[in-house]
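First comes the structure, then the notes that go with it.
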Amino acid sequence: MAELPGSTLVRAEERGTLDVRTRALTHLVERAALEVAGSVRHRTTLGKVRGSDLPHASLDVHGHDVRVTVDIACRWPADLSAVTADVRDRVRERVPALSGLTVTSVDVTAHTVAAAEPDRGRA
């Protein structure tokens with residue numbers, strides 16, 4: 001393999017690592033949250049820059065145990081306690097089934113999003 005001018009090759013054992021598993025689990029949790037009735041995807045221009053689109057999950061993995069925190073969006077009006085309980089149950093069901101990890105806790109925070117304005121056409 002030809003080297004680029006001014007570059008040096010780094011041996012594999014000296015390179016960093018990429019934890020694909022955690023990132024994949026994050027997507028799994030976010031997808032599970034969207035499967036629940038009442039939970040919706042919420043995107044904003046600023047959210048794309050800050051990485052705060054909803055749902056947004058974060059994981060704390062230790063060995064075979066995982067703690068999950070997920071922020072979701074719900075259209076108003078919604079029964080927030082029912083939606084968050086359903087998201088919690090869905091995450092507890094899906095993560096172990098697809099990853100083999102044990103979910104030790106799931107914290108869900110619901111953010112409400114105003115209902116879409118009806119399309120009234122042009123005046």
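With the checklist (1) assigned to a helix (DSSP H, G or I); (2) at pLDDT 90 or above; (3) within 18 Å of Thr112 (Cα to Cα) in hand, flag the one item His27 doesn't pass.
Single failed check for His27: (3).
Residue by residue through the stretch 79-88, note down the ones that are within 15 Å of the chain's Cα centre (by Cα) and not hydrophobic (A, V, I, L, M, F, W, C). I'd like the intermediate steps shown before the answer.
Keep residues of the stretch 79-88 that are within 15 Å of the chain's Cα centre (by Cα), which gives 84, 87-88.
Selection gives Thr84, Arg88.
Residues being among the hydrophobic types (A, V, I, L, M, F, W, C) and farther than 19 Å from Thr26 by Cα: count how many of those fall in the stretch 56-81.
As a first pass, look at the stretch 56-81 and keep what is among the hydrophobic types (A, V, I, L, M, F, W, C): 57, 59, 61, 66, 68, 70, 72-74, 76, 78, 80.
Filter again for farther than 19 Å from Thr26 by Cα, leaving 74, 76, 78, 80.
The total comes to 4.
Which of the residues spanning the stretch 81-103 are aliphatic (A, V, I, L, M) and at pLDDT 95 or above?
Ala82, Val83, Ala85, Val87, Val91, Val103, listed by residue number.
Considering the stretch 30-80 alone, what residues qualify as being within 22 Å of Ala114 (Cβ to Cβ), modelled with pLDDT of 95 or more and part of a helix (DSSP H, G or I)?
Matches in the stretch 30-80: Glu30, Ala33, Leu34.
The values are calculated or read from the model by the stated rules, or taken from the named source; none is laboratory data. As the structure is a prediction and not an experimental result, all values here were calculated from the model. With ideal geometry, Cβ positions are generated from the backbone for all residues, glycine too; neighbour counts draw on all protein chains shown.
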